[in-house]
Amino acid sequence: MKVHETRSHAHMSGDEQKKGNLRKHKAEGKVPEGEQSQKKAKSENDNGRSVNGAGDVASEYDEFCKAVEENLSVDQIKEVLEINGQDCSAPEETLLAQCQDLLFYGALAKCPLCGGSLICDKEKRFICGGEISEWCSCVFSTKNPPRKEDPVKTPDSVMNSAISDLIKKHQDPKSRPKRELGSADKPFAGMMISLMGRLTRTHQYWKKKIERNGGKVSNTVQGVTCLVVSPAERERGGTSKMVEAMEQDLPVVSEAWLIDSVEKHEAQPLEAYDVVSDLSVEGKGIPWDKQDPSEEAIESLSAELKMYGKRGVYMDTKLEERGGKIFEKDGLLYNCAFSICDLGKGRNEYCIMQMITVPESNLNMYFKRGKVGDDPNAEERLEEWEDEEAAIKEFARLFEEITGNEFEPWEREKKIQKKPHKFFPIDMDDGIEVRSGALGLRQLGVASAHCKLDSFVANFIKVLCGQEIYKYALMELGLDPPDLPMGMLTDIHLKRCEEVLLEFVERVKTTKETGQKAEAMWADFSSRWFSLMHTTRPMRLHDVHELADHAASAFETVRDINTASRLIGDMRGDTLDDPLSDRYNKLGCKISVVDKESEDYKMIVKYLETTYEPVKVSDVEYGASVQNVFAVESDAIPSLDDIKKLPNKVLLWCGSRSSNLLRHIYKGFLPAVCSLPVPGYMFGRAIVCSDAAAEAARYGFTAVDRPEGFLVLAVASLGEEVTEFTNPPEDTKTLEEKKVGVKGLGRKKTEESEHFMWRDDIKVPCGRLVPSEHKDSPLEYNEYAVYDPKQTSIRFLVEVKYEEKETEIIDVEPE
């Protein structure tokens, strides 16, 4: 790790030296004449203090603090705090600071969010030590805390001390100065920031965040403070935007600069986050949440899953290679995983407890606890136990210590009550997670070579049965810690996640909370969600768009990956016995390649090319070309003959991650998990499609270094009557109950005069994308929603390749 040295005065600019000299003058009690004249010009309040004379108050406060420290004992300090209803559980040094603040500025009132006690932290902000709920510590933070209007109460021992007169001076609330802890400026005040490349949060998210914190966002690098990029851009050689920034000597920094500046309420030094010089810190060995996302992604994708399910012996024990198995007795498996995410305290930790039997050895107990992504600093121990009953008792004791609950009621009946500051179990299922059980990179070629299926179909099944698409999906969602199998959870755990999400969605729709109370509500849900959905990068969600992306959509992907794990099972062994054909047969479907000379293939290519618009990532656009088309007939999906019996049929595009495809083929489409006023969830628990390939491509596109994806074409029956909307409907439950067809009208539509029919009576809304009359619609393209899975039939899977479009370079003659 390279250390950045602080610049000395010898390296300061003129302005910096001025500031340094000014600080020196102030420390010596001297102020330059210009400054003195300014101070004299300021008005004074009734107490003789200047209105803006924070320095005068600070100086008086420093003298007051010295007097309190020199004249009051620890017992007297505690007595002052107790008699004024303040918390006395902190260390002595903190108690002294609390007492000094109380006697000078007045007693702190209780936290307005949770009723807890306020304390002053290292960052000179007042924070709360209470809890919003059992899941989340209080997030209240302010520089101007609420204070009691009553006079400060002082015990007799203090009033008889040498500083009684000094204390009396501040007892009356009217004579108290107001405490201001530093500048209230926002961290990005006066800054112009430019964003580039694929960051962990969307550009829209950061634009809102930067503006909320006093800055502005520019699409160019002209006149900006800095350019925020992913270091992956440096590996690619950088775009013209990045090159331009470097030519102008503008700072090019990682996204971590934004994150840390917001969290610390102060703009951090740009040079410490530089990504285009050799000064940037190497990623390896740094906790994942402190690494740049691209560095973390590399570690994540190369990491092996350490525990594949309920019977998986944790890899670091090295006991599985000796024949180790999870200890089982009286129907109980002694293997537990736990998670805690408390955004109020900044905690994101995991814990593993296992009892392992090894042939010709004593019973082993393994315990590991640590911060997510910080393996070197985790607490870890492996112990042998001769006495089985004593080991079982110790396991139960540890479970209760970690969770605050008893082990047996949890393991037998899943009875659990979350306790403050305690871990919550991640309920693993008995199976093998797909990141462990699916085909690894070295097995893929051999498996497809020995497959009896058509070579194109074999390659398609190989993609669905390989680890890669599932690893990438979980990595992109930040649900990829190697310690816990998020792709092998019980239905009970997934149901609990769904209930927590739906409960919060309803609360969001009805809440009238604003300000810090709203922040607390979101922080509580985020802590709860990321405790259940164990993550490398927890974040405090703020709005329905983030709720859709990081909770609803993430849940659906994890649910579908769990289905894939159960179907794929264990493919780690010999691939000569044709495991791909075996998994294909388990799918209960028929998949065939569509002839590229057929009318169906030509129709699909035309439909995609006509209704597609490039996917844009930063300032780079990606086109899509059809590689192959697969026709699908599945036992779980209505056949074409069945769907043709229904009215008002349309062939529509459906976007899907590759990681979700296997579940769609195996069990058909599931409705959206919840109703939110954002695209994809706007019409409630519905199956949503579009007449624009451009809309589906947003979901099928993965990343610039993974150009292959799949789009789904399905026939949907919209019913006899179609309800049209230009805004999110207020009541989606009625739509769900009546199962009516819905069409959301977007800002763009397909040219209706170009539509045609397929297979006699199925409409294909293939037409050029043109502006519609609904310019204020929240939807860019038309969306169609049906509520009964029997009204949709997946017909084709379209394999596409995303390719960077060439940009036209225009030479400009110099003036």
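With the condition being surrounded by fewer than 17 Cβ atoms within 10 Å (Cβ to Cβ), I'd like the strands (runs of 3 or more DSSP E) fully within region 575-658 carrying at least 3 qualifying residues. Ranges flagged: 589-593, 620-634. Filtered by the rule that a residue be among the polar types (S, T, N, Q), surrounded by 19 or more Cβ atoms within 10 Å (Cβ to Cβ), modelled with pLDDT of 60 or more and in a helix (DSSP H, G or I), region 254-311 gives Ser261, Ser300.
Being among the aliphatic types (A, V, I, L, M), under 31 Å from the mean Cα position of the chain (by Cα) and modelled with pLDDT of 95 or more is the filter here, so list the residues in region 316-346 that pass it. Hits for region 316-346 are Ala337, Ile340. Total residues in region 115-149 satisfying the condition of being surrounded by fewer than 20 Cβ atoms within 10 Å (Cβ to Cβ), assigned to a loop (DSSP other than H, G, I, E, B), touching a residue at least 60 places away in the same chain (Cβ under 8 Å) and out of contact with any Lys or Arg (no Cβ under 8 Å at 6 or more places or on another chain): the figure is 1. Of everything listed in (1) buried (at least 24 other Cβ atoms within 10 Å of the Cβ); (2) in a helix (DSSP H, G or I), the single unmet condition for Cys689 is (2).
Restricting to region 189-216, give me the number of residues that are touching a Lys or Arg at 6+ places or on another chain (Cβ under 8 Å) and under 20 Å from Glu621 (Cβ atoms). Number of matching residues: 3.
Candidates in region 451-505 are the residues that are of a type in the set (D, E, K, R) and closer than 29 Å to Arg198 by Cα; of these, the one that is nearest to the chain's Cα centre (by Cα) is Glu476.
Looking at region 441-542, the helices (runs of 4 or more DSSP H) lying wholly inside it that each contain 3 or more residues that are in contact with a strand residue (DSSP E or B) (Cβ under 6 Å, 6 or more places away or on another chain) and open to solvent by less than 50 Å² (accessible area, probe 1.4 Å) sit at 515-532. Go through the residues of region 164-178 one by one and say whether even a single one is closer than 30 Å to Leu227 by Cβ, open to solvent by 60 Å² or more (accessible area, probe 1.4 Å), at pLDDT below 85 and out of contact with any Cys (no Cβ under 9 Å at 6 or more places or on another chain). Taking every residue of region 164-178 in turn, none turns out to be closer than 30 Å to Leu227 by Cβ, open to solvent by 60 Å² or more (accessible area, probe 1.4 Å), at pLDDT below 85 and out of contact with any Cys (no Cβ under 9 Å at 6 or more places or on another chain).
In this structure, does Glu379 turn out to be open to solvent by 40 Å² or more (accessible area, probe 1.4 Å), free of Cβ contacts under 8 Å to residues at least 12 places away in the same chain and either out of contact with any helix residue (DSSP H, G or I) (no Cβ under 9 Å at 6 or more places or on another chain) or farther than 20 Å from Leu319 by Cα (or both)? It is false that Glu379 is open to solvent by 40 Å² or more (accessible area, probe 1.4 Å), free of Cβ contacts under 8 Å to residues at least 12 places away in the same chain and either out of contact with any helix residue (DSSP H, G or I) (no Cβ under 9 Å at 6 or more places or on another chain) or farther than 20 Å from Leu319 by Cα (or both). In the condition set (1) more than 25 Å from Ser565 (Cα to Cα); (2) among the small types (Gly, Ala, Ser); (3) assigned to a helix (DSSP H, G or I), Gly370 is compliant with all but (3).
Within region 468-494, residues that are more than 24 Å from Thr317 (Cβ to Cβ) have Cβ atoms under 6 Å from residues that are charged (D, E, K, R) and part of a helix (DSSP H, G or I) in these pairs: Tyr470/Arg435; Leu494/Arg559, counting only partners at least 6 apart in sequence or on another chain. Test Phe725 against the criterion of being among the aromatic types (Phe, Trp, Tyr) and either in contact with a helix residue (DSSP H, G or I) (Cβ under 8 Å, 6 or more places away or on another chain) or open to solvent by 60 Å² or more (accessible area, probe 1.4 Å) (or both), and give yes or no. So Phe725 fails the test.
Residues in region 554-573 that are surrounded by 22 or more Cβ atoms within 10 Å (Cβ to Cβ) and among the small types (Gly, Ala, Ser): 3 in all.
The values are calculated or read from the model by the stated rules, or taken from the named source; none is laboratory data. Source: prediction; values computed, not measured. Here the Cβ is made from the backbone with ideal geometry for all residues, glycine too, and neighbour counts use every protein chain on show. Quick note on the areas: whole protein, heavy atoms, side chains included, nothing else; ligands and nucleic acids left out. Shrake-Rupley method; radii C 1.70, N 1.55, O 1.52, S 1.80 Å.
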